[in-house]
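Only one structure is covered here, and it is reproduced in the block below.
The values are calculated or read from the model by the stated rules, or taken from the named source; none is laboratory data. The shown structure was predicted, so the numbers you read here are calculated from the model rather than taken from an experiment. Here the Cβ positions follow ideal geometry from the backbone for every residue, glycine too, while neighbour counts run over all protein chains shown.
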Amino acid sequence: PSPRSCQPNGASEEALRYEIEELRQKDLALDQEIAQLLSEGYSLEELEKHISLLHEYNDIKDAGQMLLGKLAVIRGVTTKQLYPEYDLELSD
């Protein structure tokens, strides 16, 4: 049984109410952030494109990290030791 199923109904209902309120607050904060960006002249299409490009960047970066990891294993070194060889900064 899950931990929630062991709780009395009142406790699980209270936890759900709290979680719902947290989600409402997050939703409101995101709506406010979107409104601010729109007031600064950004369009929804531009924001969606930016988010899409960030996802693509992260996917490419993850693939690069995976390749560096495999190369490090083959060479018997850490990925950190490979960074200078490929002119990478640790913050990359």
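Observations on the structure shown:
- Residue in region 37-50 that is within 23 Å of the chain's Cα centre (by Cα), modelled with pLDDT under 95 and surrounded by fewer than 10 Cβ atoms within 10 Å (Cβ to Cβ) present: yes
- Members of region 41-92 that are among the aliphatic types (A, V, I, L, M) and either in contact (Cβ under 8 Å) with a residue 40 or more places away in the chain or closer than 30 Å to Asp31 by Cβ (or both): Leu44, Leu47, Ile51, Leu53, Leu54
- The set of residues from region 62-87 being of a type in the set (A, V, I, L, M, F, W, C) and in contact with a helix residue (DSSP H, G or I) (Cβ under 8 Å, 6 or more places away or on another chain) comprises Leu68, Leu71, Ala72, Leu82.
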